[in-house]
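Working notes for the structure below.
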2 protein chains.
Amino acid sequence: MEQRSANISREMSLLKERMQQNHYKSTPQRDEIAEWIFRTHEHFTVDALVSNFREQGKKVSQATAYRVIQMMLELKLIEEHDFGKDYKFYEHTPGHEHHDHIVCIDCGKIIEFSDQGLESLKEKITLKNGFRMKEHHLTIYAECTTCPPDKKGFKKKGA
Amino acid sequence: MEQRSANISREMSLLKERMQQNHYKSTPQRDEIAEWIFRTHEHFTVDALVSNFREQGKKVSQATAYRVIQMMLELKLIEEHDFGKDYKFYEHTPGHEHHDHIVCIDCGKIIEFSDQGLESLKEKITLKNGFRMKEHHLTIYAECTTCPPDKKGFKKKGA
DNA sequence: GTATGTGCAAAACGTTTGCAAGTTC
DNA sequence: GAACTTGCAAACGTTTTGCACATAC
């Protein structure tokens with residue numbers, strides 16, 4: 001997962017490229033938000049993004065944050081996840097392959113995993129049912145064995 | 001999946017039993033809503049539930065509908081799913097085993113499948129990562145081969 | 001009779017949008 | 001300068017809640 005932070009300038013080039021292709025103008029807000037996203041290794045929420053900017057004294061309006069998120073989803077530079085809370089989680093995609101998630105129902109820790117056998121099984125099952133697979137999200141809610149017993153704050157809410 | 005409609009009185013007994021155990025009182029509204037849920041074979045939304053009652057001339061307030069849903073989730077009689085829309089989908093659990101879903105990104109059709117190999121692989125992967133699996137949701141977004149090309153209305157929104 | 005459940009309308013939540021002012025190309 | 005982007009505050013759609021009234025046990 002650490003290769004995700006590898007090379008921000010390459011990721012920014014990718015952004016610029018796709019923005020041009022899709023007739024998006026370059027603005028300081030878009031650049032700064034995208035950079036923050038490419039630098040962020042964890043799964044983040046829009047609220048976390050905006051708060052983090054505020055803490056650093058930079059100002060981004062929520063509206064712009066949400067709009068940049070939409071743009072980056074469209075440009076396939078980030079992915080959206082529902083982990084059973086009422087807000088969404090995001091993560092950037094360049095630099096790491098498709099993966100699934102295990103969410104600790106006690107502490108909220110999110111870990112990523114990817115398993116080739118699992119992927120081909122998904123593909124096979126989808127075909128067998130007469131579909132062409134486009135996207136797939138597997139989230140496993142679990143208890144982590146190392147999680148201190150007082151950290152009972154996450155709790156699944158939806159699915 | 002058709003065994004789901006098999007025996008509503010058995011499912012209602014289960015409801016009554018768990019309601020008593022959890023100190024919920026029996027009311028006509030709870031009974032009627034639960035019956036509707038046990039009789040419903042598709043994945044439904046709260047809005048669909050309320051509309052359906054209205055159409056039949058029966059009245060249920062939205063508030064009560066949401067409250068019964070919460071109760072039944074707690075009693076483990078229904079499951080909640082996020083299929084990428086801004087509202088949740090529900091389905092009752094008695095009478096059918098755990099399964100995963102394929103959602104057609106064109107027409108919104110939801111099909112269920114269950115695969116033993118997939119289940120044990122999930123379990124194995126979870127353990128390997130140091131977790132104890134509690135719940136897991138796999139949703140595959142796909143195109144169905146039989147879907148008429150004009151039915152492009154569903155579209156994933158989140159994940 | 002007391003605790004619990006219901007219905008309404010209002011609130012709450014994350015997210016989206018209309019619009020006037022500011023930027024980009 | 002035409003088209004697009006921003007920020008604000010207001011609107012949105014789903015879900016939750018406060019409260020007065022009604023019902024269950």
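The values are calculated or read from the model by the stated rules, or taken from the named source; none is laboratory data. Fair warning: this is a prediction, and the values are worked out from it, not measured in the lab. Positions of Cβ are backbone-derived with ideal geometry, glycine not excepted, and every protein chain shown enters the neighbour counts.
Of all the numbered requirements in (1) away from DNA strand D (no atom under 16 Å from the Cβ); (2) assigned to a helix (DSSP H, G or I); (3) within 14 Å of another protein chain (Cβ to nearest Cβ), A:Y90 misses one, and that requirement is (2). Just the residues that are among the β-branched types (V, I, T), part of a helix (DSSP H, G or I) and either in contact with an Asp or Glu (Cβ under 6 Å, 6 or more places away or on another chain) or within 20 Å of A:I8 (Cβ to Cβ) (or both), please, taken from the range A:22-54. Within the range A:22-54, A:I33, A:I37 meet the criteria.
Does B:L73 meet the test of being in the same structural domain as B:E32 (by TED's automatic domain parsing), touching a helix residue (DSSP H, G or I) at 6+ places or on another chain (Cβ under 9 Å) and more than 18 Å from A:F131 (Cα to Cα)? Let's see the steps before the verdict.
Details: in the same structural domain as B:E32 (by TED's automatic domain parsing): yes; touching a helix residue (DSSP H, G or I) at 6+ places or on another chain (Cβ under 9 Å): no; more than 18 Å from A:F131 (Cα to Cα): yes.
Criteria not met by B:L73.
Can you tell me how many residues within the range A:26-38 are more than 15 Å from DNA strand D (Cβ to nearest atom) and exposed (fewer than 15 other Cβ atoms within 10 Å of the Cβ)?
Of the residues in the range A:26-38, the ones more than 15 Å from DNA strand D (Cβ to nearest atom) are A:38.
Next, from what is left, pick out any that are exposed (fewer than 15 other Cβ atoms within 10 Å of the Cβ): none.
Number satisfying all stated conditions: 0.
Within the range B:49-68, the residues that satisfy the criterion of being within 11 Å of DNA strand C (Cβ to nearest atom) and either closer than 22 Å to B:E112 by Cα or surrounded by 15 or more Cβ atoms within 10 Å (Cβ to Cβ) (or both) are B:V50, B:F53, B:V60, B:T64, B:A65, B:V68. The set of residues from the range B:113-139 being more than 7 Å from chain A (Cβ to nearest Cβ) and either among the β-branched types (V, I, T) or loosely packed, with under 15 Cβ neighbours inside 10 Å (or both) comprises B:S114, B:Q116, B:S120, B:E123, B:K124, B:L127, B:K128.
Limited to the range B:16-48, what total is found for residues that are more than 14 Å from chain A (Cβ to nearest Cβ) and either away from DNA strand C (no atom under 12 Å from the Cβ) or among the basic types (K, R) (or both)? Even if it seems obvious, please write down each step before you answer.
The initial filter retains those residues of the range B:16-48 that are more than 14 Å from chain A (Cβ to nearest Cβ), namely B:16-42, B:44, B:47-48.
From what is left, the residues that are either away from DNA strand C (no atom under 12 Å from the Cβ) or among the basic types (K, R) (or both) are B:16-18, B:21, B:25, B:30, B:35-42, B:44, B:47-48.
Selection size over the range B:16-48: 17.
Between A:H81, A:H96, the distinction of being under 28 Å from B:H136 (Cβ atoms), of a type outside the set (S, T, N, Q), modelled with pLDDT of 90 or more and out of contact with any Pro (no Cβ under 7 Å at 6 or more places or on another chain) belongs to A:H81 only. Just one of the listed residues (A:H41, A:H23, A:H92, A:H101) is surrounded by fewer than 18 Cβ atoms within 10 Å (Cβ to Cβ) and under 24 Å from B:I125 (Cβ atoms), namely A:H41. What's the number of the only condition in (1) away from chain A (no Cβ under 14 Å); (2) within 12 Å of DNA strand C (Cβ to nearest atom); (3) of a type outside the set (A, V, I, L, M, F, W, C) that B:E74 fails to meet? Against the list (1) away from chain A (no Cβ under 14 Å); (2) within 12 Å of DNA strand C (Cβ to nearest atom); (3) of a type outside the set (A, V, I, L, M, F, W, C), B:E74 comes up short only on (1). Out of all the residues in the range B:72-83, is one or more within 16 Å of DNA strand D (Cβ to nearest atom), assigned to a loop (DSSP other than H, G, I, E, B) and either among the acidic types (D, E) or under 21 Å from A:L127 (Cβ atoms) (or both)? Yes.
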